[in-house]
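The values are calculated or read from the model by the stated rules, or taken from the named source; none is laboratory data. Since the model is a prediction, treat every value here as computed from it, not as a measurement. Positions of Cβ are generated from backbone atoms using ideal geometry, with glycine treated the same way; all protein chains shown enter the neighbour counts.
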Amino acid sequence: MSTGICKSPDSRYWRALYKAALVEIGKSKLLKRITEAEKAVVLRARELFQAADDNGEEIEALEDAMYALHALGGNCQMRQGPPQSLKNGELLTPLIGSREIQVF
């Protein structure tokens, strides 16, 4: 994963939040850290989009970071398991023919 070489204060801010999300081990804090990091990545990407400088390496690092944060968030949500209603075995009625499917 590329981290780019730009070390401006703006660059350090999103990188610090990104690293904090990657190393967070507390389940209760992880999604919050991911959200904070994603917001910082988006804000920095907007700043670079408006700048006329050559920021190719940092833009690539931002894309890599967003991909990793998205994957981390998806993994975190999968580990939490299905919603409570599915754990209780309630009937779902998806539009698969006219049959009901029970989830255990």
**Residues that are touching a residue at least 12 places away in the same chain (Cβ under 8 Å), of a type in the set (Lys, Arg) and under 15 Å from residue 63 (Cβ atoms), drawn from the range 21-48** = 44
**Prompt:** Which one of these is of a type in the set (A, V, I, L, M, F, W, C), part of a helix (DSSP H, G or I), within 24 Å of residue 75 (Cβ to Cβ) and at pLDDT below 95: 45, 65?
**Reply:** 45
**Message:** Cβ-Cβ under 7 Å, sequence separation 6+ or interchain: first residue in the range 52-70 and closer than 22 Å to residue 36 by Cα, partner among the basic types (Lys, Arg). Which pairs?
**Reply:** 62/44
